[in-house]
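Colleague: I'd like to ask you about the structure that follows.
The values are calculated or read from the model by the stated rules, or taken from the named source; none is laboratory data. Values in this document were obtained by computation on a predicted structure and should not be read as measured data. When we count neighbours, we look across all protein chains shown, and the Cβ atoms used for this are built from the backbone with ideal geometry, even at glycine.
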């Protein structure tokens, strides 16, 4: 009976969904962003890992959001934010 239980646990480990943490997501996206724009890197990562875009949105760090906003402003996707001259 113990042998059957051990086999069942091994099978369950193979079928487990890989849990994705925000840290690993952000590190992987940053390495992809070296080769392509950040938005493309996020979308490419989602396609590679069969991840929904809405799920990826919740994993993006504030640092990546800042870079993404800057990139979108440069491409005129969103209106530029006002900045005080220093």
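Colleague: Taking residue 12 and the conditions (1) part of a helix (DSSP H, G or I); (2) modelled with pLDDT under 95; (3) within 26 Å of residue 77 (Cβ to Cβ), which numbered condition does it fall short on, given that it satisfies the others?
Modeller: Condition not satisfied by residue 12: (3).
Colleague: Which of the residues that make up the stretch 44-78 are surrounded by 11 or more Cβ atoms within 10 Å (Cβ to Cβ), under 14 Å from residue 32 (Cα atoms) and free of Cβ contacts under 8 Å to residues at least 12 places away in the same chain?
Modeller: 46
Colleague: Of everything in the stretch 20-45, what is touching a helix residue (DSSP H, G or I) at 6+ places or on another chain (Cβ under 7 Å), in a helix (DSSP H, G or I) and closer than 19 Å to residue 74 by Cα? Give them in sequence order.
Modeller: 33, 38, 39, 41, 42
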